[in-house]
Amino acid sequence: MKSPLLSLPGAVPAEGRDEGVAAHYGDLFREQRALADGTGFVDLSHRGVVTVSGDDRLSWLHLLLTQHVSDLPPGRATEALILSANGHIEHALYLVDDGETVWAHVEPGTQGELIAYLESMKFFYRVEIADRTDETAVVHLPAGSVTEVPGGVAVRETAYGRDLFLPRAGLEAFAAEHGPAAGILAYEALRVEGHRPRLGFETDHRTIPHEIGLIGSAVHLQKGCYRGQETVARVQNLGKPPRRLVFLHLDGSEVLLPAPGTPVRLAADGPEGRQLGFVTSAVRHHELGPIALALVKRNVPVDAPLVAGTTAAAQETVVEP
């Protein structure tokens, strides 16, 4: 879905999974600084929007999600996962209940598969599931923003900002009143800085929640059964995940950022050494310079210098080994 804000001056379209919104509007670092200072907004209107309404919505979702939502108060933001039977991450939902309806935004293009799964699990529960992507646009306001939220709009308020579920028809008017707009690259730079994993970036077909630090934030360990819970409990109580998420400070003298999937190795072994992991996201930050997230084997020493491809990288621990 192509955002109307791509017609704003300086807009450069994003590519890949974020196609449909602006990568930036002409000045990446200015846009990052604006977000860090609590001004402007980010157009996330390419993300899928799913709602669940009905008297049983919270108790029903509680049975399916990794998060404890049966008693979720109206207006409290949370996030949750849907796992495979083997405990691998399949969907990530960023949700809030407004007292009548649960609103969730998800990765672009994943809402169809998510809704199909939810519909298959309705049984006799009093719930209604809807794809609201065509009529609803997600907009992100950074932490510290004093922008007034339009009335009647569902809001997810988190430590790093507010996500608004705006009527898509009002997106251009909102931008005109509450700009300047910041592109998805600025948003991603702050996401990587904050060590926040993203489905399809920090995950692959075999990622489990422990590997990327989602225990607690998206996975509740004291709730009833859900699909994949056995794996979560077994790793939590009896073992360690095979991989762990790390934050990388990259050599700033390199012109190009390592692409997602770039092998990570010990610096002592050089670029021909044994692969110990791979880059998941790499960005240019307005203060930190080039930074990245990567998944590496659990037993990689936490103080070992690394290389991402041929780029030197110093690691910070995100998930303890």
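Numbers below:
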read-out	value
Segments 298-307, 96-105 sorted - mean Cβ within 10 Å per residue, highest first	96-105, 298-307
Dipole magnitude of the stretch 163-299, debye to nearest 20 (Cβ charges: Lys/Arg +1, Asp/Glu -1, about Cα centre)	800
The stretch 66-169: C-alpha pair distances exceeding 25 Å, %	21
Where the Cα pairs of the stretch 246-321 fall when distances are cut into 5 Å bins, in %	3, 19, 32, 27, 14, 4, 0
Whole-angstrom gap from the stretch 60-84 to the stretch 19-59, using each part's C-alpha centre	21
D (Stokes-Einstein, µm²/s), Kirkwood Cα radius, the stretch 1-112, 1.567 mPa s at 4 °C	80
Average projected area [Cα convex hull, the chain], square nanometres	16.2
Linear extension gain, Leu221 paired with Ser70, 0.36 nm per residue minus alpha-carbon span	52.9 nm
Burial order of peptide ranges 115-127, 34-46 (average beta-carbon count within 10 Å, highest first)	34-46, 115-127
Relative frequency of Cα-Cα separations exceeding 17 Å in the stretch 155-274, percent	73
Extension reserve of the Ala116-Asp27 stretch, reckoned as 0.36 nm per residue once the Cα distance is removed	28.0 nm
Segment Arg206-Arg17, length gained on full extension (0.36 nm per residue, minus Cα span)	66.1 nm
Listed peptides 270-281, 238-249 by packing density, highest first (mean Cβ within 10 Å)	238-249, 270-281
Backbone N within the stretch 6-29 under 17 Å of label point (7 Å from Glu172 Cα along the Cβ vector)	6-11, 21-22
Helical contribution to [θ] at 222 nm, DSSP H n ≥ 4, -39,500 (n - 2.57), averaged over the chain, rounded to 500	-5000 deg cm²/dmol
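Bear in mind that the values in this text are calculations on the coordinates, not laboratory data. Everything numeric in this text was worked out from a predicted model, so none of it was measured. Positions of Cβ are generated from backbone atoms using ideal geometry, with glycine treated the same way; all protein chains shown enter the neighbour counts.
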